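Visitor: Quick one: the structure is below, and I'll ask about it shortly.
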Amino acid sequence: MGGGDKSPLSIAGDARGVLCLHGITGTPFEIRPLAEALGGKGCTVIAPQLAGHCGTLADLAESTWRDWLQSADQAFDDLCSRVGGGPVAICGFSMGGLLALRLARMYPERVSALAVMSTPLRLRRFQVLGIRALARLPLDFRAHPTLCVPKWNGSDISDDDMRYENPGLRAFPIAALTQLLDLMDTVRTDLPSIRTPAMVVHGRQDHTVPMEDSLELTGCLGSDVIERLWLDKSFHMVCLDVERAAAIDGVTRFLARHAGWPG
C-alpha cells in the first residue's frame, strides 16, 4: 500500500450535499481530490470508507456487495440529515459508481444528480468467464483471501506520484470479484428505471474497465439528462490521473446545473 490518506472524509458546508464513493479494493483517497474540491465550494461532503475496505485482503474477501451498499446507504442517510433532509448528489468512482446508481434506483426522490466515473457494467468477457469458473470450484474463497488476482502494475493510473501514494489494496480477492459481478448484474437491470440527471466520465486509456461499459451505461439510463466526459489521456482512476482537473471541473459544473442547487 502507498502512504496516501485513506481516512474517511467529512466536510461541513451548506445545504448542497454530495456523497462520494470509492471503488473496490480502494479507499477515499481515490475520490478525495473531487470531494475536497466540492467542499472548497461550500458543499457538505461525505466520503466514507465502504464496508470491507481500507483494511486487509481478508477484510474485503469476507464482505459482500450488500455490505458495501449498506455502508454507502448509511453515509447517504447521514448526509441527508446534515443538509436538512433535502435531496443530495452522489459521485461514485468505479464500483462506487455502481453503488451510486443502486442508491438512485432505491431513492429516486432523494438523489438529485449522479456523477459516475469509470463504472464497470460487465468487464471483459474473458474476465467474467474466468471469475465465474473459479467461483464454481469447491472452495470457500472468503476463507482464502490470498486467492486473488494481483495488480501486477499497481493502480491503473498514469500519474506516477499518485500511483505511488495510492493506499488501496494491490490485489482483488476472488471472493470480492464474484460479489462485484453480482452487483453489476443487479445494477444493469436498474438502469432503465433511473431518471436522475447523470454525468458519465471515463478515461480513454482505462485498462481496468472497458470504454464500452460507459457507452452502454449512457445508452441504457432512463434519465432525460445525460452528459458524457471522455478523458483522452486518463487511465482508470480519473480523479487522480493527469486530467483530474478536467474531471473535477466537469463534475462540479454538472452538479451546479442539474443538482437543483439554489443560484
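The values are calculated or read from the model by the stated rules, or taken from the named source; none is laboratory data. Quantities reported herein were computed from a predicted structural model and do not represent experimental measurements. No Cβ is skipped: glycine too gets one built from the backbone with ideal geometry, and neighbour counts run over all protein chains shown. We work out accessible area using only protein heavy atoms, side chains counted, and drop any ligands, DNA or RNA first. Shrake-Rupley method; radii C 1.70, N 1.55, O 1.52, S 1.80 Å.
Visitor: Could you list, in sequence order, the residues of the stretch 38-61 that are surrounded by fewer than 19 Cβ atoms within 10 Å (Cβ to Cβ) and over 15 Å from the mean Cα position of the chain (by Cα)?
Guide: G40, K41, G42, G55, T56, A58, D59 - these are the residues of the stretch 38-61 that are surrounded by fewer than 19 Cβ atoms within 10 Å (Cβ to Cβ) and over 15 Å from the mean Cα position of the chain (by Cα).
Visitor: Would you say E62 is farther than 17 Å from E165 by Cβ, of a type in the set (D, E) and in contact with a helix residue (DSSP H, G or I) (Cβ under 9 Å, 6 or more places away or on another chain)?
Guide: yes
Visitor: Further question: Under 6 Å by Cβ, and 6 or more places apart or on different chains, what pairs join a residue from the stretch 196-221 that is without any contact (Cβ under 8 Å) to a residue 60 or more places away in the chain and assigned to a loop (DSSP other than H, G, I, E, B) with one that is among the aliphatic types (A, V, I, L, M) and open to solvent by less than 10 Å² (accessible area, probe 1.4 Å)?
Guide: L221/L191; L221/I194; L221/A198
Visitor: Mind checking whether some residue in the stretch 104-122 is touching a helix residue (DSSP H, G or I) at 6+ places or on another chain (Cβ under 8 Å), of a type in the set (D, E, K, R), within 27 Å of G250 (Cβ to Cβ) and buried (at least 21 other Cβ atoms within 10 Å of the Cβ)?
Guide: No, the conditions are met nowhere in the stretch 104-122.
Visitor: Does D161 fit the bill of being assigned to a helix (DSSP H, G or I), out of contact with any Pro (no Cβ under 9 Å at 6 or more places or on another chain), modelled with pLDDT under 95 and open to solvent by 20 Å² or more (accessible area, probe 1.4 Å)?
Guide: The answer is yes for D161.
Visitor: Go through (1) open to solvent by less than 30 Å² (accessible area, probe 1.4 Å); (2) in contact with a strand residue (DSSP E or B) (Cβ under 8 Å, 6 or more places away or on another chain) for R82 and report which single condition fails.
Guide: (1)
Visitor: A further question on this structure: Considering only the stretch 234-248, state which residues are hydrophobic (A, V, I, L, M, F, W, C), touching a residue at least 60 places away in the same chain (Cβ under 8 Å) and open to solvent by 10 Å² or more (accessible area, probe 1.4 Å).
Guide: F235, M237, V242, I248
Visitor: Further question: Using the structure shown, decide if D140 is among the acidic types (D, E), more than 15 Å from the chain's Cα centre (by Cα) and open to solvent by less than 60 Å² (accessible area, probe 1.4 Å).
Guide: In short, no.
Visitor: Going by the conditions given, is L231 surrounded by 18 or more Cβ atoms within 10 Å (Cβ to Cβ) and free of Cβ contacts under 8 Å to residues at least 40 places away in the same chain?
Guide: So L231 passes the test.
Visitor: Got at least one residue in the stretch 168-176 being open to solvent by 10 Å² or more (accessible area, probe 1.4 Å), more than 17 Å from the chain's Cα centre (by Cα) and of a type outside the set (A, V, I, L, M, F, W, C)?
Guide: yes
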